[in-house]
Amino acid sequence: MKWVRLEGYLGMAVSQPALAGFAPANLLHRLSFADVLNEDSGSGYQRRLNPQHSLDFRRYVQTDGATTIPLTFNVRPPAGKHWRLVGKGARSRLEVDPRGPRMLAQVDCQHRLGHLHDLETSLPFLCFIGLTAREEMEVFRVINSKAKGLSTSLLDYHDAQLAADLSEERPELFIALQLNINAQSPWRRQLDLGGDKTSGLTRRASLRTMQKAIRDYFLVPTRILDQETVEAAAAFTVEFWLALTDVLPAAWNDPRRHLLTKGVGVYALTGLMADIYREQGSASACTRRIFRTKIAAFAQDVDWTGKGVFKGLGGESGAKEALRLLRDIRRDSTAASKVAAHGR
């Protein structure tokens, strides 16, 4: 079988070589792939496919007057075995071996091309020549960072992969990712990163929710990083959540009915973690035993279900109200315990 030819014009897309041309939708579909983030292996960078979005575009391209901006691809290095570039300028073509693996990475066309496997509709394309997977990710992020429907957690994950020193640049994101990858963490592989979900796992909060909670309800109010390393703060955070699962195992293991791992719960509990840090004075003074003792003193007085004290709370104002309620319950429980102890 001969190599497939994609004819076009080879020029410079700002500072990167790219081939611009036209080709049938079914051919572009057959030669390309979407490099979706695999949350287990950490490979890939794209969002998971939204079938409805893709089917909407399929219906659209079959209507009178339909058109589209160029689909964006990339062929990664090295050239030679499965693809090669021939010619220059207007007499250029990309030749791809159809017997090998799919060579065209779908940098910005996953949803437009996803359900066009059987259509011969002519589509414009722009194919970068030889970008690395990391460079692809940077292009994808620039193009899609403001796109409606793109997971903010996926953008956070991109930031983590592209950062030179994540712990320095985005400590809240560093800590949130440590919760998701630490083998001892109860959050291990539980945060939704915006990629393909792992079968059999019950997802709880998103990466964006967790890192915002850590920044706004822990790092900023405690200024812990003025005296502790970010690694110590991450270890401290893991210990807190381990203690919480020790004290409230039923609520933790039933996330559909309980709010511990939903937005308002994560924000309120992170605020509680900050309170305990301030009370103890240092990360080293906050052992799991200390956390368990302080949480157990009031946690059973809280109805953590969606019908409980946090019912109807949402958004930034709801998170602040949830923390206020949690603090009130903790204060009242502590006061009641003191009265009981004095009576004895």
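A short reminder: the numbers here are calculations on the coordinates, not readings from a lab. Being a predicted model, the structure only gives us computed values, none of them experimental. When we count neighbours, we look across all protein chains shown, and the Cβ atoms used for this are built from the backbone with ideal geometry, even at glycine.
Expressed as an acute angle from 0 to 90° and rounded to the nearest 10, what is the orientation of the C-alpha long axis of helix 230-247 relative to the principal long axis of the chain?
Result, in degrees: 60.
Given the peptides 55-68, 282-295, arrange them by the average over their residues of other C-beta atoms within 10 Å, most packed first.
282-295, 55-68
Could you tally up the Lys pairs in the chain with alpha carbons closer than 17 Å? Skip any pair fewer than 8 positions apart unless they're on separate chains.
Here the count comes out as 8.
Considering amide H positions built from the backbone, and no H for Pro or chain starts, which residues 5 or more places from Phe128, or on another chain, come under 5 Å of its amide H?
Residues meeting the amide H criterion: Leu19, Phe73, Asn74, Val75.
Sticking with the crude label model, points 7 Å out along Cα→Cβ, report the distance from Lys311 to Arg189 in nm, one decimal please.
For the pair Lys311/Arg189, the computed spacing is 3.7 nm.
State the three equivalent ellipsoid semi-axes of the range 4-144, derived from the C-alpha gyration tensor as the square roots of 5 times its eigenvalues, in descending order and whole Å.
Computed over the range 4-144, the values are 22, 20, 14 Å.
Assuming R0 = 35 Å, can you tell me the calculated FRET efficiency for the pair Ala20 and His53, based on Cβ-Cβ distance, to the nearest 0.05?
My answer for the efficiency is 0.90.
With r defined as the distance between the Cβ atoms of Tyr60 and Asp301 and R0 fixed at 56 Å, what FRET efficiency is calculated, to the nearest 0.05?
0.55
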